[in-house]
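Shown next, in structure tokens, is the structure this report addresses.
The values are calculated or read from the model by the stated rules, or taken from the named source; none is laboratory data. Just so you know, these numbers come straight off a predicted model, no measurement behind them. Note that we place each Cβ from the backbone using ideal geometry, even for glycine, and neighbour counts take in every protein chain shown. Side chains included, ligands, DNA and RNA excluded: accessible areas come from the protein's heavy atoms. Shrake-Rupley method; radii C 1.70, N 1.55, O 1.52, S 1.80 Å.
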Amino acid sequence: MAGMANWVPAMHKQGISVVSIEYRFIEEAIADGVQPPVKACLYDAARALQFVRSKANE
């Protein structure tokens, strides 16, 4: 996202929303006991997308 920071104001002027999400890496998923570990980052990304979609009208 840092590389796009200069573009964000122009995107906002065009009505384009920008988000950056955090998700668990495989090492964190293993520490959390998620099996298989890839489920953690997929779940986190899906929840982030659901949240963004829920706020779309705002």
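Please calculate how many Å² of accessible area the chain carries per residue, with a 1.4 Å probe and no DNA, RNA or ligand atoms counted.
Values: 5060 Å² over 58 residues.
Result: 87 Å² per residue.
Size of the dipole of the chain about the Cα centre, Lys and Arg at +1 and Asp and Glu at -1 on the beta carbon, nothing else charged, in debye to 20? Intermediate values should be presented prior to the final figure.
Details: 6 positive and 6 negative charges, 61 e Å.
With Lys and Arg at +1 and Asp and Glu at -1, about 300 debye.
What value, in deg cm²/dmol to 500, does the helix sum -39500 (n - 2.57) over DSSP H runs of n ≥ 4 give at 222 nm once divided by the residues of the chain? All intermediate terms of the calculation are to be shown ahead of the outcome.
Details: 3 runs with 30 residues, N = 58.
One gets -15000 deg cm²/dmol as the mean residue ellipticity at 222 nm.
Considering the chain as a Gaussian network with a 10 Å cut-off on Cα pairs, which listed residue, Ala48, Ala31, Ala40, attains the greatest mean-square fluctuation?
Ala31
So, R0 is 25 Å and r is the distance between the beta-carbons of Lys55 and Ala5; what FRET efficiency does that work out to, to 0.05?
Details: r = 21 Å, r/R0 = 0.85.
Using R0 = 25 Å, I get an efficiency of 0.75.
Where in the chain are there trypsin sites (Lys or Arg not before Pro) that are in a DSSP coil and have at most 15 other Cβ atoms within 10 angstrom of their Cβ?
On the way: sites: Lys13, Arg24, Lys39, Arg47, Arg53, Lys55; in loops: Arg24, Lys55.
Those satisfying the criteria are Lys55.
Can you give the angle from 0 to 90° between the axis of helix 38-54 and the longest principal axis of the chain, with both taken from C-alpha atoms, to the nearest 10?
Helix 38-54 sits at roughly 30 degrees to that axis.
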